[in-house]
Amino acid sequence: IGIFSFANRTYAAMNEPNVEAAAALKDAGVWTVPPRPVSGHLATAVEAVSRVYRAGRIAEAAPLLAINFLLDRPAEEWDRSLAQLAARLGELRHIDAIPNHALSAKLVLTCERGTTQGSLILTGEQSPRIQSLTLEAAQDD
């Protein structure tokens, strides 16, 4: 969808009517943003997150971790945090990845006793690696 305005004088104030028209189209449900697909690189990383949660060990994703990953947060700390999440939430049932773009996604892990949310960011290399991962128990759990 595109909105174009034409006026018969230089510097006519067309921005406001364009924004109003766009808002009206959005409010009417005509202007929607299509869902972003999960890229192949993200899908691979999400599968690694699944293995990590199920095993309770960040080492399960070792081949996919960027060089900074364990420098930012040591493996022992990751493993303790994963054990705490698993004790609180139980077995992993499903992961939903909502992409921000091809190398980043919001994560929602559905477990037997609740959910955990987080984010996943991959490096911009030719073979992207996991640069950042967060997993935190949802507030209402």
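The values are calculated or read from the model by the stated rules, or taken from the named source; none is laboratory data. All values derive from a computational prediction rather than experimental measurement. FYI the Cβ positions are ideal-geometry reconstructions off the backbone, even for glycines, and counts take in every protein chain you see. Keep in mind that these areas ignore ligands, DNA and RNA; they rest on the heavy atoms of the full protein, side chains included. Shrake-Rupley method; radii C 1.70, N 1.55, O 1.52, S 1.80 Å.
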For the range 77-139, listing GluC sites (Glu not before Pro) in a DSSP loop whose Cβ sees at most 10 other Cβ atoms within 10 Å gives E91, E112
The range 56-88 and the range 90-137 have their Cα centres apart by a whole-number Å value of 13
From highest to lowest solvent-accessible area (probe 1.4 Å; ligands, DNA and RNA excluded), D72, D27 read D27, D72
Within the range 45-141, DSSP-loop chymotrypsin sites (Phe, Trp or Tyr not before Pro) with at most 13 other C-beta atoms within 10 Å are none
Among (i) 11.4; (ii) 10.1; (iii) 12.5, the entry matching mean projected area of the Cα convex hull in nm² as calculated here is (iii)
For V33 the rounded accessible area (nearest 10 Å², probe 1.4 Å, non-protein molecules ignored) is 120
So, relative contact order of the chain in percent, Cα under 8 Å, 6 or more apart, is 18
